[in-house]
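Structure first, commentary second.
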Amino acid sequence: MTRTTLAALGAAFSLFAGSAAAAPAPIFTPEQEARIGEIAADYMLAHPEILVQVSQKLQAQQQERQQKMYALSVMENQEALLRDADTPAYGPENAKVAVIEFFDYQCIWCSKLAPEIEKAMKANPDVRFVFKEWPIFAGKWAESEQAAQRGLAVWKAKGAQAYVTYHNSIYHTGHAEGELTAADIDAAAKAAGFTDNTTPDNTAALERNDALAQQLGLTGTPGLIIMPVTGAKPGNITVLSGGTTAAQIQAAIKKAAQ
């Protein structure tokens with residue numbers, strides 16, 4: 001067993017034990033190192049749960065650091081997140097908590113998240129839901145940007161309720177990852193009461209959303225930010241991604257409201 005391996009094992013034991021400061025590494029003879037390595041290896045083989053627990057603790061610490069980095073970025077970009085007039089929003093303007101979603105209509109995980117968002121909206125009429133159109137798959141599927149452009153047009157022409165109808169109608173098709181069609185988009189717009197054949201160019205708003213997502217450090221869709229509208233700090237901001245459930249959203253809303 002090498003000095004590097006011994007140091008790693010020592011660090012793992014110190015972390016698991018909650019050691020606040022690392023002691024200077026002792027100097028052993030090659031024979032002593034070999035024997036220590038044998039003892040450590042035998043112990044780990046006999047108690048593999050130790051490695052599992054250490055791994056879980058390291059993962060939790062990494063997630064905590066990532067959440068703090070996200071939270072600091074959120075605090076630096078509150079105005080763009082909460083008060084962009086070109087961004088669709090649903091819920092009271094004086095809400096104390098906001099749920100902001102960055103999404104793409106062609107994203108399969110966004111499609112899976114959509115019903116969870118619907119549940120959260122029904123359960124929290126006092127929360128403001130903000131929808132950041134972020135068509136990251138536009139280079140692969142043209143309908144990605146077409147759906148985003150139409151959504152912003154619905155928002156500007158018809159308002160919040162019509163936008164939510166459009167948004168949910170798109171996801172109710174179950175079409176994602178290249179399956180969304182122009183007919184799906186037209187049908188969703190019609191359901192929202194938007195029948196205008198021309199769609200204003202909202203590229204500037206989409207570009208701002210893209211820049212904002214990158215500033216926040218988001219790496220893909222969906223990206224959910226749950227935060228208080230005022231008094232945001234690392235301890236009451238939550239950033240979620242991937243397979244998020246309504247229960248997780250609810251817990252984050254509760255944390256933001258405290």
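The values are calculated or read from the model by the stated rules, or taken from the named source; none is laboratory data. Note that this is a predicted model, so its numbers are computed, not measured. A quick note on method: Cβ atoms are made from the backbone with ideal geometry, for glycine too, and the neighbour counts reach across all protein chains shown. Ligands, DNA and RNA are excluded from the accessible area calculation, which covers all protein heavy atoms including side chains. Shrake-Rupley method; radii C 1.70, N 1.55, O 1.52, S 1.80 Å.
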So the angle from the long Cα axis of helix 203-216 to the longest Cα principal axis of the chain, reported in degrees to the nearest 10, equals 20 degrees
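Using a probe radius of 1.4 Å on heavy atoms only, what accessible surface per residue do you get for the chain? Whole Å² is fine.
Numbers: 13810 Å² over 258 residues.
That works out to 54 Å² for each residue.
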Extension reserve of the residue 85-residue 230 stretch, reckoned as 0.36 nm per residue once the Cα distance is removed
50.4 nm
Placing +1 on each Lys and Arg Cβ and -1 on each Asp and Glu Cβ in the chain, then taking the dipole about the Cα centre, the residue among 176, 127, 215 whose Cα reaches farthest towards the positive end is 127
Counting helices only, and only those DSSP H runs with n ≥ 4, report the 222 nm mean residue ellipticity of the chain as the sum of -39,500 (n - 2.57) divided by its residues, in deg cm²/dmol to the nearest 500.
-18500 deg cm²/dmol
Degrees, to the nearest 10: 30-46 long Cα axis against longest axis of the chain
50 degrees
In whole Å, what are the extents of segment 126-196 along the principal axes defined by its C-alpha atoms, from largest to smallest?
35, 25, 20
When only C-alpha pairs under 8 Å and at least 6 residues apart count, what is the relative contact order of segment 63-141, in percent?
39 percent
Taking the chain on its own, what percent of its Cα-Cα pair distances exceed 26 Å?
50 percent
Would you mind telling me the share, in percent, of accessible area of segment 68-178 contributed by carbon and sulfur at probe 1.4 angstrom?
51 percent
Tell me the net charge near residue 131. Cut-off is 12 Å between Cβ atoms, residue 131 excluded, with +1 for each Lys or Arg and -1 for each Asp or Glu.
-3
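Out of the DSSP beta bridges found with both residues in the chain, what percent are antiparallel (nearest 5)?
65 percent
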Between segment 138-156 and segment 100-130, what is the C-alpha centre distance in whole Å?
17 Å
Under the rule rounded for a/c under 1.5, else prolate if a/b exceeds b/c, else oblate, using alpha carbon gyration tensor axes a ≥ b ≥ c, segment 108-258 is classed as prolate
